[in-house]
Amino acid sequence: MIVRNVGPDDIYTVIDLEYQNFDYPYPPEIINFLYEFHRDTFLVVERDKDVIGFVIGIVQKREGHILVIAIRDDYKKKGIGTFLMKRLIDAYEKKGITRLKLEVRASNVAALSMYRNLGFKITNRLKHYYENGEDGLLLRRENL
Ligand SMILES: CC(C)(COP(=O)(O)OP(=O)(O)OC[C@H]1O[C@@H](n2cnc3c(N)ncnc32)[C@H](O)[C@@H]1OP(=O)(O)O)[C@@H](O)C(=O)NCCC(=O)NCCS
């Protein structure tokens with residue numbers, strides 16, 4: 001398993017994974033924008049030459065904001081999401097960024113459990129944060 005920064009040939013697969021995993025996916029233009037401007041914290045995980053997951057973070061006001069992570073269905077629950085998140089945390093640390101935040105749907109048990117294991121803590125409930133009216137949770141992780 002290889003984790004590396006995203007490259008131009010990965011974008012179609014990333015968009016595909018985004019559409020497979022989310023009811024309200026980031027549109028391709030946003031993925032392209034993130035590819036152009038946030039490549040340092042846009043990582044993919046590759047297995048047998050296939051990209052099977054990705055994570056995208058950005059930096060805002062000296063804080064890391066993790067926007068999205070997704071793992072291909074047949075590779076879920078094998079520790080790959082956790083592995084990828086750890087590599088993203090390393091990439092942030094290289095940039096001197098140790099305060100991280102992210103939002104997640106209150107119903108997303110899998111993601112919440114992964115983030116908790118990684119040291120993220122719920123700090124706020126974001127009422128009707130999502131397009132369908134669902135609440136979001138704001139999670140933060142300080143330097144551990
Ligand atoms: C969230 C996601 C990235 C997790 O990736 P993953 O590779 O399956 O996660 P891991 O195998 O590293 O699991 C990490 C922990 O999460 C928990 N977990 C993972 N999937 C779970 C599930 N379906 N139900 C309950 N807990 C789950 C486990 O507790 C696991 O810890 P453990 O190994 O100690 O048991 C993956 O489920 C996914 O792509 N989901 C769809 C996209 C999404 O919701 N992204 C997050 C919002 S941006």
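The values are calculated or read from the model by the stated rules, or taken from the named source; none is laboratory data. Everything quoted here is computed from the prediction, not taken from an experiment. Note: ideal-geometry Cβ built from the backbone for every residue, glycine included; neighbour counts use all protein chains shown. For accessibility, only protein heavy atoms count, side chains too; no ligands or nucleic acids. Shrake-Rupley method; radii C 1.70, N 1.55, O 1.52, S 1.80 Å.
In segment 2-141, the portion of solvent-accessible area held by carbon and sulfur atoms comes to 49 percent [1.4 Å probe, whole percent, DNA, RNA and ligands not counted].
Computed with a 1.4 Å probe over protein heavy atoms only, the accessible surface of the chain comes to 58 Å² per residue. Largest GNM mean-square fluctuation across 43, 34, 100, computed for the chain with C-alpha springs under 10 Å, falls on 34. Distance between the modelled labels on residue 99 and residue 37, one decimal in nanometres: 2.1 nm (7 Å Cα→Cβ projection).
In this structure, the pairs whose alpha-carbon distance is over 20 Å, taken from 49/78; 95/121; 76/101; 61/127; 61/94; 49/101, are 95/121; 76/101; 61/127; 49/101.
Each label point was placed 7 Å from the Cα along the Cα-to-Cβ direction; for residue 20 and residue 49 their separation is 1.8 nm. Positive end of the dipole of segment 2-141 (Cβ unit charges, origin at the Cα centre): among 52, 15, 85, the Cα lying farthest that way belongs to 85.
Loop-located trypsin sites (Lys or Arg not before Pro) across segment 36-67 with a Cβ neighbour count of 13 or fewer within 10 Å are 49, 61, 62, with loop assigned by DSSP.
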